[in-house]
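Heads up: the structure comes next, in structure tokens.
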Amino acid sequence: MVKSPSPERNNEGFLEDAWAWSRDTAEEIASEDGLELSENHWEIIMFLRDFYKEHEISPPSNRLFVKAVKDAMGEEKGNSIYLMQLFPGTPAKTACRIAGLPRPTNCL
Amino acid sequence: MNELHTLHILNKTPDHPRFGECLGMLGPDDAIVLIENGVLGLAAAEGFHSARVYALRDDVAARGLSGSTQATSLVDYSEWVGLTLQAERVISW
Amino acid sequence: MAMLIIIDQPPYGGWTGREALDMAFSLAAFDQPVSLLFIGAGVNWLRTGQNTSGIEQKSVEKNLAAAPVFGIEDILADRISCERYGIAPPELADSVVLTDANAELLAQYSQAAFAG
């Protein structure tokens with residue numbers, strides 16, 4: 001199988017062009033964080049892709065990431081513990097990086 | 001082709017004092033090119049009198065104004081450059 | 001304590017409006033009640049059908065559509081400013097409420113701040 005070259009990324013590992021993303025890209029970035037993507041990860045990743053298509057921004061902070069997930073999927077998934085378990089570190093940053101979105105503006 | 005005396009390049013909103021100052025100086029053989037926030041003049045029903053009015057297509061589209069450009073000629077960047085070359089003088093507001 | 005952020009600058013010409021939107025989102029993130037009021041040339045943020053592919057900027061129309069998701073309470077548009085800029089109610093996004101920007105409106109907020 002021939003793999004297309006990985007899309008360009010900035011010094012923090014975020015994609016330069018959100019539209020250059022593919023599922024392979026997500027797997028590759030996740031593996032750098034030592035993550036293996038499950039269905040639960042993909043659900044959030046695809047939610048973020050749709051969110052970006054609709055709003056042309058990443059959720060700017062962790063809290064707003066949680067709010068946006070809660071708004072779309074309810075409290076069970078839209079809570080910080082669940083999202084922290086899936087995307088360790090700073091969940092909004094980790095998830096946006098894997099989903100190919102720009103860096104959330106208000107995450108340190 | 002009509003003679004083009006002065007080409008006025010206007011990038012200010014109608015609320016900016018320079019917008020009105022520009023309209024006040026339009027001569028009969030002048031033309032005006034609306035760019036950036038200047039294209040909002042198309043929506044604010046400003047009187048351009050008899051001057052020829054052009055507006056930059058990309059800036060019009062960005063602001064959702066493509067539907068309100070009755071008497072206006074939409075131009076792209078190269079047509080805009082063409083106008084500046086054709087004019088005897090250019091004022092950038 | 002409710003806050004009103006007032007945007008009177010048009011979209012795309014500068015960064016003040018986007019910074020104000022960012023601030024509103026940050027307040028909402030901490031569950032502070034915050035609303036946005038668009039007056040003057042600022043009402044041009046609210047016109048539907050913005051296509052920014054030619055100017056290589058993100059669409060403020062799409063950005064602003066995230067406001068209700070993030071918990072911004074109200075998005076208000078000054079009626080007279082909308083008339084001045086030829087924006088009729090059908091051209092406004094669904095979440096926008098037409099209002100009259102006057103002292104009575106501002107008195108409903110404990111804090112009001114202009115962007116920029």
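The values are calculated or read from the model by the stated rules, or taken from the named source; none is laboratory data. Everything numeric here is computed off the predicted structure, so don't read it as measured data. Positions of Cβ are backbone-derived with ideal geometry, glycine not excepted, and every protein chain shown enters the neighbour counts.
List of remarks:
- Failed criterion for A:GLU8 (all others in (1) under 14 Å from the mean Cα position of the chain (by Cα); (2) at pLDDT below 95 hold): (1)
- Here is the figure for the range B:11-24: residues that are closer than 11 Å to B:ILE91 by Cβ and surrounded by 13 or more Cβ atoms within 10 Å (Cβ to Cβ) total 2.
- Given (1) closer than 18 Å to A:PHE51 by Cα; (2) acidic (Asp, Glu); (3) within 11 Å of chain B (Cβ to nearest Cβ), index of the condition C:GLU56 fails: (1)
- Test: A:ALA99 is closer than 26 Å to C:PRO68 by Cβ, in contact with a Leu (Cβ under 6 Å, 6 or more places away or on another chain) and among the hydrophobic types (A, V, I, L, M, F, W, C): yes
- Residue within the range A:91-107 that is over 23 Å from A:TRP21 (Cα atoms) and surrounded by fewer than 18 Cβ atoms within 10 Å (Cβ to Cβ) present: no
- Lone unmet requirement of (1) surrounded by 12 or more Cβ atoms within 10 Å (Cβ to Cβ); (2) aromatic (Phe, Trp, Tyr); (3) closer than 23 Å to C:LEU64 by Cβ for A:TRP19: (1)
- Of the helices (runs of 4 or more DSSP H) lying entirely inside the range A:23-108, those containing at least 3 residues that are of a type in the set (A, V, I, L, M), closer than 18 Å to C:ASN63 by Cβ and modelled with pLDDT of 95 or more span A:62-73.
- Within the range C:64-116, the residues that satisfy the criterion of being within 11 Å of chain A (Cβ to nearest Cβ) and either closer than 20 Å to B:SER66 by Cβ or among the small types (Gly, Ala, Ser) (or both) are C:LEU64, C:ALA65, C:ALA66, C:ALA67, C:GLY71.
- Checked across the range C:40-60, the condition of being in contact with a Cys (Cβ under 6 Å, 6 or more places away or on another chain) and more than 23 Å from A:ASN106 (Cα to Cα) holds for at least one residue.
- Condition check for C:GLN50: crowded, with 20+ Cβ neighbours inside 10 Å, under 18 Å from B:LYS12 (Cα atoms) and either within 12 Å of chain B (Cβ to nearest Cβ) or touching a Pro at 6+ places or on another chain (Cβ under 9 Å) (or both): no
- Contacts under 8 angstrom Cβ, first residue in the range A:49-61 being at the interface with chain C (Cβ under 8 Å from one of its Cβ atoms) and of a type in the set (Val, Ile, Thr), partner assigned to a loop (DSSP other than H, G, I, E, B) and surrounded by 21 or more Cβ atoms within 10 Å (Cβ to Cβ), 6 or more apart: A:ILE57/C:ALA66
- Within the range C:22-36, considering residues that are surrounded by fewer than 23 Cβ atoms within 10 Å (Cβ to Cβ) and under 19 Å from C:SER59 (Cα atoms), the one farthest from the other protein chains (Cβ to nearest Cβ): C:MET23
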